[in-house]
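These notes concern the structure reproduced below.
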């Protein structure tokens, strides 16, 4: 029974190798085989990324960018045949597993997260730009102005706090404005209208 299964499995693997051209020299691989390799690699990469981290698909920290670059580099070898297909996929899975482990350690320990992902940095506090923090973050005044403009703010004095986040973005918490109250008198004999401007 086991011999029968082994024979069937070997025949399937041989057919798989033949279809994808794994049994040929790289120069002998045709366009259809290369396209099939690309499709298979794409499908497996998509599966790995879905298992690995949702941050691959959003604003990512350096921690996430590195794994994305490495995965792209390794998986391209599976497509062009410069490395064996199965070991390349297994190496990619090992990288995703390591990334997942590091992410779990970062969430569950106080020291590991800042070590691999960095820390957010306070840039403005109660309207005052913290110059030492700006220098430590290698940010110019223009960088900060651009981030404020993106959130419809022009003046740092109108900002309660601004942070350089771990993904490189700048988040801004504006100061709460005191509402202005205007009393507008209408025509004689009419009531006064009070308008609150936020």
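No value in this document is a laboratory result; all are computed from the given coordinates. No experiment lies behind these values; they were computed from the predicted model shown. Cβ placement follows ideal geometry from the backbone for every residue including glycine, while neighbour counts extend to all protein chains displayed.
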In nm, what is the difference between 0.36 nm times the number of residues separating residue 7 and residue 132 and their Cα-Cα distance? 38.1 nm
Kindly state, to the nearest 0.05, the FRET efficiency for residue 146 paired with residue 125, given R0 = 22 Å and r defined as their beta-carbon distance. 0.65
Assertion target for 22, 85, ordered by fewest C-beta neighbours within 10 angstrom first, is 22, 85
